[in-house]
1. At 37 °C and 0.692 mPa s, what whole-number value in µm²/s does Stokes-Einstein give for the translational diffusion of the chain, with Rh from the Kirkwood sum over Cα pairs?
2. For Cα pairs less than 8 Å apart in space and 6+ apart in sequence, what is the mean separation divided by the residue count of the chain, i.e. the relative contact order in percent?
3. Rounded to the nearest 5, what is the percent of antiparallel bridges among the DSSP beta bridges in region 61-209?
4. Just from its helices, what would the mean residue ellipticity at 222 nm be for the chain, if runs of 4 or more DSSP H residues each count -39500 (n - 2.57) and the sum is divided by every residue, rounded to the nearest 500 deg cm²/dmol?
5. Mind ordering 185-191, 321-327, 342-348 by average Cβ neighbours within 10 Å, highest first?
6. What's the exposure ranking of His143, His495, going from fewest to most Cβ atoms within 10 Å?
7. Quick one: which residues, 5 or more positions from Leu148 or on another chain, have an amide H under 5 Å from its amide H? H modelled 1.01 Å from N in the peptide plane, none for Pro or chain starts.
8. What fraction of the DSSP beta bridges in the chain is antiparallel, stated in percent and rounded to the nearest 5?
Amino acid sequence: MTDLTRISAAELSGLLADGSVSSVEATRVHLERIAAVDGDVHAFLHVAAETALATAADVDRRRAAGDRLGPLAGVPVAIKDVLVTADMPTTAGSKILEGWMPPYDATVVRKLRESDLVPLGKTNMDEFAMGSSTEHSAYGPTHNPWDLERIPGGSGGGSAAAVAAFEAPLALGSDTGGSIRQPAAVTGSVGFKPTYGGVSRYGAIAMASSLDQVGPVARTVMDTALLHDVIAGHDQMDATSLATDWPSMAAAATAGLADGALKGVRVGVIQELAGNADGFQAGVKQRFDETLALLSAAGAEVIGVSCPNFEYSIAAYYLIHPAEASSNLARFDSVRFGLRENPADGPITSERVMSATRGAGFGPEVKRRIILGTYALSAGYYDAYYGSAQKVRTLIQRDFQAAFEKVDVLVSPSAPTTAFKIGEKIDDLLAMYINDITTIPANLAGVPGLGLPMGLAPEDGLPTGLQLMAPAMQDARLYTLGAAIEQLLEASWGHTLISQAPELRTGNTRSAEGNN
């Protein structure tokens, strides 16, 4: 019998549509998988088993009655805990929101429900999406299914791990500086950061409003495209939402499966992010070079492109992001919602209660970034820090514009290394921040980015990721090329990468010279 947790969402939707499988069956096997392995993985902060089964039963009833259902009707999905849900707690990975039940659904969550998907629960994340490893969650780290001693990336490590551990075929994440693409790289999954404004942020707990973007996570490019079609579109509740008609991303991915889809495509290799700099793992560089060779052999024109201002992207990001975060997190004041702590001694005033609450409710990384952001916005320093960072952001946007005059798509590794061990870099802030070196530029410019597997690193047998970036509004182009590249890579390997995932255990990495 087919293992329903191992097939793609597209395959599962086909079985559901023709009546071979019920949504209740599909939901139950995924809940059983969560019960069996999530004690080790810790991808979920909340599992809504009863609600999920009730939702699945309703989908089955309406399907039997002949109701018109969405393409992914009855397919289970996991939701990053940064997205508010009216029927499940939303914590953003923080103690300050422990047990909080929002009064409404995020727009993307509402769209999931309207399209008849089955929410399984909420996934773990770095507190308020501040981190690259999901070690900064107030509820403990998530573990990488490829090796339980290693990180699953961040901040959306819970969503990526849930997909990679076969606990859910689909998941929602959010990407502020790489929090979808970087976890996808280190877990062997697929993740997409849409054009800024292409997917509603209404109901996504804001961290850095000019950078945050909600997006899909899955195990294949097609599955990611199908979920993208569900959540994309204009939302009048989001002032940054683009009022445009988006093409079908699933149709774009289908077009990429045609023969010759890569012929004549101009692929730009960003020289500053091509894996030659310090900090890039040799195995990541090797797999990237091999992928470029495959693209060239398939008829793509591989062109070197320089984006000199990308060198300053991390410095600019870590001024803009903390500044916006310090402003957004000011709402957690102990008065309106969330945790409230009284001072240990002395008079109880609003100021002292606020101080005690934030001291107890925020973790060290959140406090660090709030302090940095507040300093950058303070009188006398605004122009020198935040203002200068915004000028650098403009230069990075111009680099993208110049590059896209020469090429159709830009490529780089999605992350400079494979997954590192839990605790290995937790106290090395620069090493931790550098994990997003390849993904941050797309957020600063607002362009779309796709991350997909490009093989296992030969020295440790862990997944590596390829990143594709296109001009703003050209999300569909990435799905077409992503599907073509995925098909090309899998043909060269003779298998899908995810099929090579070891069963969950610690220290289960291996040499992968013949398994790239």
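We did not get these values from a lab; they are worked out from the coordinates using the rules stated. Quantities reported herein were computed from a predicted structural model and do not represent experimental measurements. Quick reminder, even Gly has a Cβ in these numbers, built from the backbone with ideal geometry, and neighbours come from all protein chains shown.
1. Values: Rh = 22.7 Å.
Translational D for this selection: 145 µm²/s.
2. 18
3. Antiparallel bridges make up about 20 percent of those DSSP assigns within region 61-209.
4. One gets -11500 deg cm²/dmol as the mean residue ellipticity at 222 nm.
5. Values: 185-191: 32.6, 321-327: 23.1, 342-348: 9.3.
Highest mean packing first, the order is 185-191, 321-327, 342-348.
6. In order of increasing Cβ crowding within 10 Å: His495, His143.
7. Arg505, Thr506, Gly507, Asn508
8. Working: 28 of 43 bridges.
Taking every DSSP beta bridge within the chain, about 65 percent pair in antiparallel fashion.
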